[in-house]
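Just below is one structure, and these are the notes that go with it.
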Amino acid sequence: MIIPVRLGESSYDIEISRGAIDLAAEKIVKKDRKILVVTDSGVPKEYSEAIKGVARKAKVVTFPMGEENKSLATYAKICEELLEFNLQRGDAIVSVGGGVCSDIAGFIAATYMRGVDFYTVPTTTLAATDASVGGKNGIDFCGKKNILGAFLQPKGVIIDTDAFKTLDKRQYASGLAEIIKMAATSDAELFRIFEEGRAEEEIETVIERSLKIKKYVVEQDEKESGLRKILNFGHTIGHGIESSEGMSDLYHGECVALGMIPMCGEKIRPRVIAVLEKCGLYRELCYDWEKITEATFHDKKADGDTVTVTVVNEIGCFEMQTMKCLELIELAKNCLKG
């Protein structure tokens with residue numbers, strides 16, 4: 001399955017298939033240029049070696065896995081490797097791994113020598129459905145997620161669904177949260193696949209449908225000035241939970257899943273919670289709302305004492321609402337009791 005993303009000179013294809021990593025190298029590598037592969041310690045080595053193995057000259061840079069390593073320190077270390085490798089503007093950077101790999105490799109590609117080609121080979125459900133597509137790249141700074149970032153569309157995305165077999169249940173489910181997000185806002189039939197418990201057996205279809213939504217949104221609004229804000233459904237409170245002290249053991253998708261609940265109308269909220277429970281994405285926690293409030297409204301989506309959020313009152317439909325920050329927190333408190 002090939003999904004074209006049409007953005008003029010920044011157009012690219014997303015390819016989804018089983019065993020795609022074996023084909024990725026031939027599609028990405030041009031024999032006359034260097035390739036730097038960025039991966040982390042949690043990704044099976046054979047994935048990055050498949051890319052390296054067919055290049056004229058390639059280098060693999062591996063950093064420690066974990067969100068805490070999506071940092072200036074890792075950025076600086078990889079840039080040092082680029083300089084030592086003498087990577088030039090005609091060469092390319094390839095991300096092989098999860099969302100952290102994609103975010104940091106894309107940010108480096110956007111800023112190193114004012115921009116070099118960037119490809120991404122996501123190996124997690126989260127990276128495949130979120131970080132690898134759309135051109136948003138960044139690193140965390142001072143405890144704030146993605147506060148340093150840049151837009152750079154990849155030259156290509158290759159998704160091998162066989163790679164998901166190496167994920168544990170929590171990692172796998174974390175990516176499903178991003179798909180549920182898009183189903184809730186834009187695709188009632190996709191949401192029903194989750195309600196009926198068919199998502200895992202139909203994973204290629206599920207990813208395809210979710211990426212077609214994201215493709216459409218990105219094509220209409222590449223730089224997040226309007227429609228693309230729907231992709232933030234669940235993220236405002238979710239990022240607040242994720243960035244607040246004491247919640248560092250939660251995965252990104254788990255936080256987004258919790259962040260969706262207050263943004264759902266009362267009529268559909270039980271359906272959403274039931275799907276999240278089915279996927280292992282719902283839990284009761286001990287929330288520190290003072291810390292969550294502080295983390296949430298350091299978020300770049302806040303504007304003074306108000307924030308614009310995506311609200312879903314009917315599955316498959318959405319609306320944008322501007323709310324007072326404290327009003328949003330009170331809503332979240334009432335919906336996320338723990």
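Below are the figures for this structure:
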quantity: Residues that are in contact (Cβ under 8 Å) with a residue 24 or more places away in the chain, β-branched (Val, Ile, Thr) and closer than 21 Å to residue 163 by Cα, drawn from segment 1-39; calculated: 3, 14, 16, 21, 28, 29, 37, 38, 39
quantity: Unmet criterion (only one of (1) open to solvent by 10 Å² or more (accessible area, probe 1.4 Å); (2) touching an Asp or Glu at 6+ places or on another chain (Cβ under 9 Å)) for residue 162; calculated: (2)
quantity: Condition met for residue 236 (surrounded by fewer than 20 Cβ atoms within 10 Å (Cβ to Cβ) and of a type in the set (Val, Ile, Thr)); calculated: no
quantity: Filter pass, residue 32 being of a type in the set (D, E, K, R), open to solvent by 60 Å² or more (accessible area, probe 1.4 Å) and in a loop (DSSP other than H, G, I, E, B); calculated: yes
quantity: Filter result for residue 191 (under 19 Å from residue 269 (Cα atoms) and hydrophobic (A, V, I, L, M, F, W, C)); calculated: yes
quantity: Count - residues of segment 50-97 that are closer than 20 Å to residue 142 by Cα, open to solvent by 50 Å² or more (accessible area, probe 1.4 Å) and among the basic types (Lys, Arg); calculated: 1
quantity: Qualifying residue in segment 50-57 (condition: in a loop (DSSP other than H, G, I, E, B), among the β-branched types (Val, Ile, Thr) and without any contact (Cβ under 8 Å) to a residue 40 or more places away in the chain); calculated: yes
quantity: Qualifying residue in segment 244-258 (condition: in a helix (DSSP H, G or I) and surrounded by fewer than 23 Cβ atoms within 10 Å (Cβ to Cβ)); calculated: no
quantity: Extreme residue, nearest to residue 156 (Cα to Cα), among residues of segment 98-138 that are surrounded by fewer than 24 Cβ atoms within 10 Å (Cβ to Cβ) and of a type outside the set (Gly, Ala, Ser); calculated: 117
quantity: Segment 1-29, subset in a helix (DSSP H, G or I) and small (Gly, Ala, Ser), residue most open to solvent (accessible area, probe 1.4 Å); calculated: 8
quantity: Flag if residue 230 is of a type outside the set (Gly, Ala, Ser), under 24 Å from residue 329 (Cβ atoms) and at pLDDT 95 or above; calculated: no
quantity: Count of residues meeting criterion [within 21 Å of residue 256 (Cα to Cα) and of a type outside the set (A, V, I, L, M)] in segment 111-158; calculated: 20
quantity: Residue in segment 217-233 that is least open to solvent (accessible area, probe 1.4 Å), counting only those that are in contact with a strand residue (DSSP E or B) (Cβ under 7 Å, 6 or more places away or on another chain) and of a type in the set (Lys, Arg); calculated: 229
quantity: In segment 165-190, the residues that are charged (D, E, K, R), open to solvent by 10 Å² or more (accessible area, probe 1.4 Å) and at pLDDT below 95; calculated: 165, 168, 169, 170
quantity: Residue check for residue 68: of a type in the set (Asp, Glu) and modelled with pLDDT of 95 or more; calculated: no
quantity: Positions within segment 191-202 being in contact (Cβ under 8 Å) with a residue 60 or more places away in the chain, assigned to a helix (DSSP H, G or I) and either of a type in the set (S, T, N, Q) or open to solvent by 10 Å² or more (accessible area, probe 1.4 Å) (or both), in sequence order; calculated: 195
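The values are calculated or read from the model by the stated rules, or taken from the named source; none is laboratory data. Here the structure is a predicted model, which is why all the values come from computation and not from measurement. Glycine also receives a Cβ, built like all others from the backbone with ideal geometry; neighbour counts cover every protein chain displayed. Each accessible area value is taken on the protein alone, full model and side chains, heavy atoms only, with ligands, DNA and RNA left out. Shrake-Rupley method; radii C 1.70, N 1.55, O 1.52, S 1.80 Å.
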